[in-house]
1. Residues to consider are L235, L281; find the one that is buried (at least 17 other Cβ atoms within 10 Å of the Cβ), in contact (Cβ under 8 Å) with a residue 24 or more places away in the chain and touching a Gly at 6+ places or on another chain (Cβ under 6 Å).
2. For segment 174-192, does any single residue satisfy the condition of being at pLDDT 75 or above, of a type in the set (D, E, K, R) and either surrounded by 13 or more Cβ atoms within 10 Å (Cβ to Cβ) or within 30 Å of A269 (Cβ to Cβ) (or both)?
3. Just checking, which of A225, A200 is small (G, A, S) and open to solvent by 60 Å² or more (accessible area, probe 1.4 Å)?
4. Going by the conditions given, is L117 assigned to a helix (DSSP H, G or I) and open to solvent by less than 80 Å² (accessible area, probe 1.4 Å)?
5. Determine whether A207 is without any contact (Cβ under 8 Å) to a residue 40 or more places away in the chain, open to solvent by 20 Å² or more (accessible area, probe 1.4 Å), out of contact with any Cys (no Cβ under 8 Å at 6 or more places or on another chain) and not in a loop (DSSP other than H, G, I, E, B).
6. Test each condition in (1) open to solvent by less than 20 Å² (accessible area, probe 1.4 Å); (2) farther than 15 Å from L256 by Cβ for A327 and report the one that comes out false.
7. Conditions: (1) within 15 Å of W182 (Cα to Cα); (2) over 19 Å from the mean Cα position of the chain (by Cα); (3) aliphatic (A, V, I, L, M). V59 meets all but one. Number of the miss?
8. So, in segment 33-60, of the ones that are open to solvent by 70 Å² or more (accessible area, probe 1.4 Å) and touching a helix residue (DSSP H, G or I) at 6+ places or on another chain (Cβ under 6 Å), which residue ends up farthest from W20 (Cα to Cα)?
Amino acid sequence: MLRIEFIYWIAGLLFAAAAWRKWRSNEPRCVLGALFWSIIAIAFFAGDSIESALKAGIVWPAQAMGGGVILLAAIAGSGGLRRSAETDKNADVSEQRSESAKILGNRLFVPALLIPLLTLLLVLFGQTLRWGDWALFDARQFTLLALGIACLIALAVGLRMTRSPASTALTEGTRLLDLLGWAAVLPMVLASLGGVFIAAGVGDNIAALVAYVVPVDMRLACVLAYALGMVFFTLVMGNAFAAFPVMTAGIGLPLLVLQHHASPAIIGALGMLCGYCGTLLTPMAANYNVVPAVLLELKDRNGVILAQVPTALSLLLVNIILMYLLAFR
């Protein structure tokens, strides 16, 4: 049976390879870079063991991993992942890539488009693939497992199209990780932030603060507080999924749904769309706004965000109007 752990172990191998590549690079900060990627590799390899130990009452592995996370922040904050000037600006390699891209044309997009298509098909039909009582896929976290399998199939298709050896995937994968630096792990860190805020009672504090500064009897004031709150928390967290439970627990449910009898479905859907407007405006959404700028080697690292400002503000205004008009019918 294919389990999500297999995908995590493959990801761990990639991070371990990135650590090995950094260690052998002889760059001035190669030790810090190797340590950074090694800590992440350990988290992917030992995550289940750490969780099992914690359930058994053994806390030191989890505490050690927490110390590792703090060390990650220290390395990233100190510039330990800053790349040397030589980077990968090899003229021969760049020319070879350009020639290969001209030959392949739009077929270059096939592997990328296969990922969402195969993920959707696996989610819809994957759990029906059985051999008697033996299921091919583990039902736990099946969406993530389907995404991982789709990525591996797309990788195989890409290697076949470019007639590249399998080692190219590892070489280019570690090169991209080195290029992205700390931004590569930011989405994972931010995704856990919403759970941390809920556990810390941030939603309750927000509800108390809003009740103090916002006239909660006014429907429009509550709509504005919820929509703008989603934008603000997404700006801070970089992820609308992380902001959603905090703002919905603090404003959406108690004020809009319970007090003003708004439709929970409409409030939730439009609230998420307001959060996505914040995603367009923040460098904390690294996978959307920072990674493309790095990969495209833009001179202005905030160029993606600046280009998205008019769209974000226009969509936010439309979402607020729709929420006010549709949620209370």
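The values are calculated or read from the model by the stated rules, or taken from the named source; none is laboratory data. Treat the numbers as computed from the prediction; the structure is a model and nothing was measured. Backbone-built Cβ (ideal geometry, glycine too); neighbour counts: all protein chains shown. Areas reflect the complete protein model, heavy atoms only, side chains present, ligands, DNA and RNA absent. Shrake-Rupley method; radii C 1.70, N 1.55, O 1.52, S 1.80 Å.
1. Values: L281 fails: touching a Gly at 6+ places or on another chain (Cβ under 6 Å).
The unique qualifying residue is L235.
2. Yes, some residue in segment 174-192 is at pLDDT 75 or above, of a type in the set (D, E, K, R) and either surrounded by 13 or more Cβ atoms within 10 Å (Cβ to Cβ) or within 30 Å of A269 (Cβ to Cβ) (or both).
3. Values: A225 fails: open to solvent by 60 Å² or more (accessible area, probe 1.4 Å).
Every option except A200 fails the conditions.
4. Numbers: assigned to a helix (DSSP H, G or I): yes; open to solvent by less than 80 Å² (accessible area, probe 1.4 Å): no.
Spelling it out, it is not the case that L117 is assigned to a helix (DSSP H, G or I) and open to solvent by less than 80 Å² (accessible area, probe 1.4 Å).
5. Numbers: without any contact (Cβ under 8 Å) to a residue 40 or more places away in the chain: no; open to solvent by 20 Å² or more (accessible area, probe 1.4 Å): yes; out of contact with any Cys (no Cβ under 8 Å at 6 or more places or on another chain): yes; not in a loop (DSSP other than H, G, I, E, B): yes.
So A207 does not fit the description; no.
6. It fails just one condition, (2).
7. Only one criterion in (1) within 15 Å of W182 (Cα to Cα); (2) over 19 Å from the mean Cα position of the chain (by Cα); (3) aliphatic (A, V, I, L, M) is unmet by V59, namely (1).
8. L54
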